[in-house]
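Okay, structure first, notes after.
The values are calculated or read from the model by the stated rules, or taken from the named source; none is laboratory data. Treat the numbers as computed from the prediction; the structure is a model and nothing was measured. A quick note on method: Cβ atoms are made from the backbone with ideal geometry, for glycine too, and the neighbour counts reach across all protein chains shown.
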Amino acid sequence: MGTFFRLSAFFGAILILAYGFSGTEGQADKVWLLLLLAAGILLAISWWPRATRGLPVFNRTLLRWSTIVLVCFALVSVQLVRVQIVESSRITSRVAVAPNGEVAINPRERLRALEVQRGRIYDSEGRVLADTVERDDGTFARTWPELSTAPLIGYYSPEIYGLTNLEAAYDEYLSGLDGGNPVEEWLNGILHEQQRGYDLELTIDLDLQNLAAELMDGRPGAVVLMDAETGETLAMYGAPVFDPNQLYANLGQQTEEELAAIAAYWTELNQNPDAPLVFRPTDGLYNPGSTFKTVTAAAIIDSGEATLQTIYRDEGVFEIEGRIIEELNRPDPNRVNWTLEESYAYSLNVVFAQLGLQLGSEELWDYAQRFGFGESVPFDFDTLATQIANDREALNNRALLADTGFGQGQILATPLQMALVVAAVLNDGVMMRPFVVDRVIGEGGEVLEEFGGDEWQRAISGDSATAVRDLLLATADYGYSGAALIEGLTVGGKTGTAELGDGEPHSWFTGFAEAGDRTLVVSVIVERGGPGSQAALPVGRALLDAAFQPAE
């Protein structure tokens, strides 16, 4: 083998290992092991002894086996570096869930959870949302003083149920393992020295969060209030809530009676038909009803197939392949011709069924993807993936395509997703990455890391976004969202009534308010709340109004 070939093999092995260290962090070990095997083969090629044919058989064999042993030693050394340094935090904090639901974690991590003063979590005004208090025995316990934000923050129960939401996603910051001086953190980890956790400052405004809880009044559903231009989340509330203080369990801190009470509360939560452990803003999947018409309208305008003044015919009923769509929203049953703007303002299902057919399955699918459907919204913690239909082929059914055009069919969306749809319209067609953690704060109050302000993807052009914004304004100006108007603010919005086949429908409202250079969007769903104007709209309007009131 030539020198060039050997050097290429050696540097190829180095590149593979470098990618393995940087590109597979947190991934399944089998990916890394495959890369390690490939690097080992290339190292063997690079180091294989040359010109050995003239040597005695014993010497030649010894050289070759020595090379194999050297390669194995190098690979073991690389693996030890990865385990001890690169992946040590992930491995030591790994959580496993047994078939019976019990959570198993590293015993050393359980001890660390007792000894580490976990970082606090604050709202945007410095009010404590999650705290760590020292007990009489010198260990630390976690508390959550504000129940309206508790499900967003998540529970922390290292002894039994593990961690969720922000407590899980930012565990290394809160535990002091990441975010500060990396050398100091590494040494503390190696030497098992106590490390104080770092604090998180959220974008959440506790006053708005509590108002959302008050407005929902215990009804199952969700509220998301965010800045359209930055993705900054001011309120994110899901109902019903649970109390993480009743789930907290740490090694040796609870008596048998207390552990039994925790287990009973866990069982109660899991058996509750309203599913309080499901954080609805990010994990609640609902049919969006007429709020999806914003996506359909954006698609027909951005594709150049219609303008706000394009005329569509609605005679009160529409049939497509045996599917009868009855129009119940026309303000004047004697009128049959409507502009696109009027059709949106009055939420005419027959017109939007035609728009779905006019776009076709391929184009409607494409635009839904541009608005983020079919994937998980990038957020501070994992969110459930939304969908436009059960699969791509299903949308080729023209009856389903028509239903999808006006927001029924097989669409599933989270309240966060629908907030982002409106936010994109108000942000020149660009969807921002929503965020709720603003920054990480050190023990001395110094800012260690800041987040937010990242662009996710472009949904439509700026000109198309302006046109769709006009649709939202028209709906509040003379359409069915007129009750959303707020004196002194520019307001637009779209109600939705998601039919479920039986019982009361889900009540939706997605809208925005604007004053000066500040634009806020809101997404509200009230489960089984009836028409969108009846339950969801008043909640969204009150939140937008309060968000623009001067601070006292």
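Observations on the structure shown:
- The single residue among 356, 322, 374 that is within 35 Å of the chain's Cα centre (by Cα) and surrounded by fewer than 21 Cβ atoms within 10 Å (Cβ to Cβ) turns out to be 374.
- Enumerated strands (runs of 3 or more DSSP E) restricted to segment 301-409, each holding at least 3 residues that are modelled with pLDDT of 95 or more: 311-313, 337-339
- Whichever residue in segment 369-426 is of a type in the set (D, E, K, R) and in contact with a strand residue (DSSP E or B) (Cβ under 8 Å, 6 or more places away or on another chain) and, among such residues, is nearest to residue 222 (Cα to Cα): 380
- Checked against (1) over 25 Å from residue 343 (Cβ atoms); (2) among the aliphatic types (A, V, I, L, M); (3) without any contact (Cβ under 8 Å) to a residue 60 or more places away in the chain; (4) buried (at least 17 other Cβ atoms within 10 Å of the Cβ), residue 440 meets all criteria but (3).
- Filtering segment 302-315 to residues that are more than 12 Å from residue 353 (Cα to Cα) and either of a type outside the set (Val, Ile, Thr) or buried (at least 24 other Cβ atoms within 10 Å of the Cβ) (or both) leaves 302, 303, 304, 305, 306, 308, 309, 315.
- Whichever residue in segment 1-30 is loosely packed, with under 11 Cβ neighbours inside 10 Å and polar (S, T, N, Q) and, among such residues, is modelled with the highest pLDDT: 3
Here is a yes/no grid of residues against (1) under 21 Å from residue 475 (Cβ atoms); (2) assigned by TED's automatic domain parsing to the domain that holds residue 529; (3) touching a residue at least 60 places away in the same chain (Cβ under 8 Å); (4) of a type outside the set (Gly, Ala, Ser):
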| position | (1), (2), (3), (4) |
| --- | --- |
| 287 | yes, yes, yes, yes |
| 293 | yes, yes, yes, yes |
| 296 | yes, yes, yes, yes |
| 300 | yes, yes, no, yes |
| 306 | yes, yes, no, no |
| 313 | yes, yes, no, yes |
| 319 | no, yes, no, yes |
| 323 | no, yes, yes, yes |
| 337 | yes, yes, no, yes |
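- All positions within segment 147-179 that are closer than 16 Å to residue 437 by Cβ and among the charged types (D, E, K, R): 167, 171, 172, 178
- Residue list for segment 226-283, filter: among the small types (Gly, Ala, Ser) and within 22 Å of the chain's Cα centre (by Cα): 228, 231, 235, 238, 239, 275
- If you go through segment 198-212 and keep only what is under 16 Å from the mean Cα position of the chain (by Cα) and not in a loop (DSSP other than H, G, I, E, B), you end up with just 202.
- Lone qualifier among 130, 113, 104 - being at pLDDT below 65 and either among the hydroxyl-bearing types (Ser, Thr, Tyr) or surrounded by 20 or more Cβ atoms within 10 Å (Cβ to Cβ) (or both): 113
- Inside segment 448-470, residues that are touching a residue at least 60 places away in the same chain (Cβ under 8 Å), in contact with a Gly (Cβ under 8 Å, 6 or more places away or on another chain) and not polar (S, T, N, Q) make up a count of 10.
- Residue count for segment 410-428 satisfying the condition of being assigned to a loop (DSSP other than H, G, I, E, B) and surrounded by fewer than 21 Cβ atoms within 10 Å (Cβ to Cβ): 2.
- Scanning segment 236-259 turns up at least one residue that is more than 15 Å from residue 539 (Cα to Cα), modelled with pLDDT under 95 and among the hydroxyl-bearing types (Ser, Thr, Tyr).
Condition check ((1) closer than 17 Å to residue 520 by Cα; (2) in a strand (DSSP E or B); (3) more than 29 Å from the chain's Cα centre (by Cα); (4) not assigned by TED's automatic domain parsing to the domain that holds residue 406) across all residues:
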position	(1), (2), (3), (4)
457	no, yes, no, no
460	no, no, no, no
464	no, no, no, no
472	yes, no, no, no
480	no, no, yes, no
486	yes, no, yes, no
492	yes, yes, no, no
495	yes, yes, no, no
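To keep it simple, each residue is scored yes or no on (1) outside the structural domain of residue 123 (by TED's automatic domain parsing); (2) of a type outside the set (Gly, Ala, Ser); (3) modelled with pLDDT under 95.
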| residue | (1), (2), (3) |
| --- | --- |
| 136 | no, yes, yes |
| 139 | no, yes, yes |
| 152 | no, yes, no |
| 156 | no, yes, yes |
| 166 | no, yes, no |
| 171 | no, yes, yes |
| 210 | yes, yes, no |
| 220 | yes, yes, no |
| 226 | yes, yes, no |
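- Matching residues, segment 213-237, being hydrophobic (A, V, I, L, M, F, W, C) and part of a strand (DSSP E or B): 222, 223, 224, 225, 226, 234, 235, 236
- Exclusive hit being surrounded by fewer than 24 Cβ atoms within 10 Å (Cβ to Cβ) and modelled with pLDDT of 95 or more, set 546, 513, 536, 551: 546
- Conditions (1) in contact (Cβ under 8 Å) with a residue 12 or more places away in the chain; (2) surrounded by fewer than 17 Cβ atoms within 10 Å (Cβ to Cβ); (3) among the acidic types (Asp, Glu): number failed by residue 487: (1)
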